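Peer 1: I'd like to ask some things about the structure below.
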Amino acid sequence: MNLMDTIDVFNGPNGTFAHETVKRALYARACESNDRAWPAWSKRETVAVAIVLISRERLLYDEDMGFRTLPEAARFVSNTLLHPLGTDDEMKGFFAAIRARVDAEHFDVVWDGEPRAYSNC
């Protein structure tokens, strides 16, 4: 995935979902660091965040989820998007771009020491 592909993830037809998933993932990270549960999001939102954070416990072993693989979970999310992703590589790239943004935002928070709206879990 190159820089242009990453920009397309956030500016393309699924851009709003990508941006919202970044916010949810940061919030979920804050919850986990405070030993709190994630909020009660829709299954699609929860699965997307679990993919981004690579929460295998939630995806593979939670009885409400029960996905066998990350691509299977990604396909579930993809099928609900405005513009479904066609291949495993497209899904992997989509979620990798979101993860990269989450990691960059998290680094900024730690570096700056500034509270963000999603850090008040």
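Peer 1: For the stretch 32-78, which positions are hydrophobic (A, V, I, L, M, F, W, C) and more than 18 Å from Ile98 (Cβ to Cβ)?
Peer 2: Within the stretch 32-78, Ala37, Ala40, Leu60, Met65 qualify.
Peer 1: Take Val22 and decide whether it is out of contact with any Asp or Glu (no Cβ under 7 Å at 6 or more places or on another chain) and at pLDDT 90 or above.
Peer 2: Numbers: out of contact with any Asp or Glu (no Cβ under 7 Å at 6 or more places or on another chain): no; at pLDDT 90 or above: yes.
No.
Peer 1: Of the residues Phe76, Phe67, which single one is among the aromatic types (Phe, Trp, Tyr) and buried (at least 18 other Cβ atoms within 10 Å of the Cβ)?
Peer 2: Only one candidate passes the filter, namely Phe67.
Peer 1: Condition first: within 26 Å of Ala104 (Cα to Cα) and out of contact with any Lys or Arg (no Cβ under 9 Å at 6 or more places or on another chain). Now tell me which residues in the stretch 40-68 satisfy that.
Peer 2: Ala40, Ser42, Lys43, Arg44, Ser55, Arg56, Glu57, Arg58, Leu59
Peer 1: Residues in the stretch 38-55: is at least one at pLDDT below 85 and out of contact with any Gly (no Cβ under 8 Å at 6 or more places or on another chain)?
Peer 2: No, every residue in the stretch 38-55 fails to be at pLDDT below 85 and out of contact with any Gly (no Cβ under 8 Å at 6 or more places or on another chain).
The values are calculated or read from the model by the stated rules, or taken from the named source; none is laboratory data. The structure presented is a predicted model; accordingly, all values stated were derived computationally and were not measured. Quick reminder, even Gly has a Cβ in these numbers, built from the backbone with ideal geometry, and neighbours come from all protein chains shown.
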